[in-house]
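These notes concern the structure reproduced below.
The values are calculated or read from the model by the stated rules, or taken from the named source; none is laboratory data. Quick caveat: nothing in here was measured; it's all calculated off a predicted structure. Cβ placement follows ideal geometry from the backbone for every residue including glycine, while neighbour counts extend to all protein chains displayed.
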Amino acid sequence: MMKLYITPGSPYARIARIMVLEKHLEDRVEVTIAQTRREDSPYYRINPSGRVPYLVRDDGVGLEESAVICRYLDHLSGVPEFDLPAGDQGWEALRLGALASSLMDGLSVWGRETSRPADEQSPTVVRHETERARRMIDLWETEIDHPLMRGPLNLVQITLGCALGLEARYRDFRWREGHPKLVAWFGRIDARPSFVATRPVA
């Protein structure tokens, strides 16, 4: 079997875990919890960067980055379902995907900073990421009407859904008030079995 290395709280790893479930690859991919951010972790001998997700293929070659892993998993069956659409819609998917990734990246920085002991946190970083998240959520309240966010499941939707789902871990990430369209959209995607099975815990 292939091995997908994750940490339970990583939203990036959650994207790959959702792809495994959506493509019905549970019998081909073993999900394994990696020990990261720990000195001399045996995981570093598997993936020297120590990042997750990390997929070790059947041939022993490793793949890093959720987008690369998802593309590989999507093409395993020979019937990809998550490729970029053709033409201008492909550029729109890339544009929206970058916005979803930007939100997730900022939230990840925020989460790492606030998980430090209080005397080691940077108020400047926390304030910057709090404001970035607020601006991005305001933007997504308008972008959520885009046809690519309303059609069949795609990687942009998965990425945004995983970013919004971080509310379960970051108590100060209160994005729902004043964003009714985003709340309604998230309620639908969060009910998918693949999202339910991979929900983060506080």
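So which residues in segment 5-38 are over 16 Å from ARG192 (Cα atoms), at pLDDT 95 or above and surrounded by fewer than 13 Cβ atoms within 10 Å (Cβ to Cβ), if there are any at all?
Within segment 5-38, GLU26, ASP27, ILE33 meet the criteria.
Would you mention how many residues in segment 168-198 are closer than 27 Å to HIS24 by Cα and of a type in the set (Asp, Glu)?
Within segment 168-198, residues that are closer than 27 Å to HIS24 by Cα and of a type in the set (Asp, Glu) number 1.
Within segment 42-61, can you find the residues that are farther than 17 Å from LEU25 by Cβ and not in a loop (DSSP other than H, G, I, E, B)?
Once the filter is applied, which keeps residues that are farther than 17 Å from LEU25 by Cβ and not in a loop (DSSP other than H, G, I, E, B), segment 42-61 yields TYR43, TYR44, ARG45, ILE46.
Please give the number of the condition SER41 fails out of (1) under 23 Å from ARG192 (Cβ atoms); (2) hydroxyl-bearing (Ser, Thr, Tyr); (3) surrounded by 13 or more Cβ atoms within 10 Å (Cβ to Cβ).
Here SER41 meets the rest and fails (1).
When the residues of segment 1-30 are filtered to those that are under 16 Å from the mean Cα position of the chain (by Cα) and not in a helix (DSSP H, G or I), which remaining residue is farthest from VAL56 (Cα to Cα)?
First, pick out the residues of segment 1-30 that are under 16 Å from the mean Cα position of the chain (by Cα): 4-22.
Then keep just the ones that are not in a helix (DSSP H, G or I); that gives 4-10.
Working: LEU4: 6, TYR5: 8, ILE6: 12, THR7: 15, PRO8: 18, GLY9: 20, SER10: 18 Å.
Checking each candidate, the answer is GLY9.
For every residue, the table says whether it meets (1) acidic (Asp, Glu); (2) surrounded by 15 or more Cβ atoms within 10 Å (Cβ to Cβ); (3) more than 19 Å from the chain's Cα centre (by Cα).
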{"site": "SER66", "(1), (2), (3)": "no, yes, no"}
{"site": "ASP88", "(1), (2), (3)": "yes, no, yes"}
{"site": "TRP91", "(1), (2), (3)": "no, no, yes"}
{"site": "ARG95", "(1), (2), (3)": "no, no, no"}
{"site": "ASP105", "(1), (2), (3)": "yes, yes, no"}
{"site": "SER122", "(1), (2), (3)": "no, no, yes"}
{"site": "GLU131", "(1), (2), (3)": "yes, no, yes"}
{"site": "LEU139", "(1), (2), (3)": "no, no, no"}
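Return the total of residues in segment 162-177 being within 16 Å of LEU139 (Cβ to Cβ) and either within 9 Å of the chain's Cα centre (by Cα) or touching a residue at least 12 places away in the same chain (Cβ under 8 Å) (or both).
4
Report yes if some residue within segment 147-160 is more than 19 Å from ILE15 (Cβ to Cβ) and outside the structural domain of ILE15 (by TED's automatic domain parsing); otherwise report no.
First, the residues of segment 147-160 that are more than 19 Å from ILE15 (Cβ to Cβ): 147, 150.
Restricting the remaining residues to those that are outside the structural domain of ILE15 (by TED's automatic domain parsing) gives 147, 150.
Checking segment 147-160: at least one residue is more than 19 Å from ILE15 (Cβ to Cβ) and outside the structural domain of ILE15 (by TED's automatic domain parsing).
Would you confirm, using the coordinates I've provided, whether SER102 is polar (S, T, N, Q) and outside any helix (DSSP H, G or I)? Break it down stepwise before answering.
On the way: polar (S, T, N, Q): yes; outside any helix (DSSP H, G or I): no.
Considered against the rule, which asks whether it is polar (S, T, N, Q) and outside any helix (DSSP H, G or I), SER102 comes out as no.
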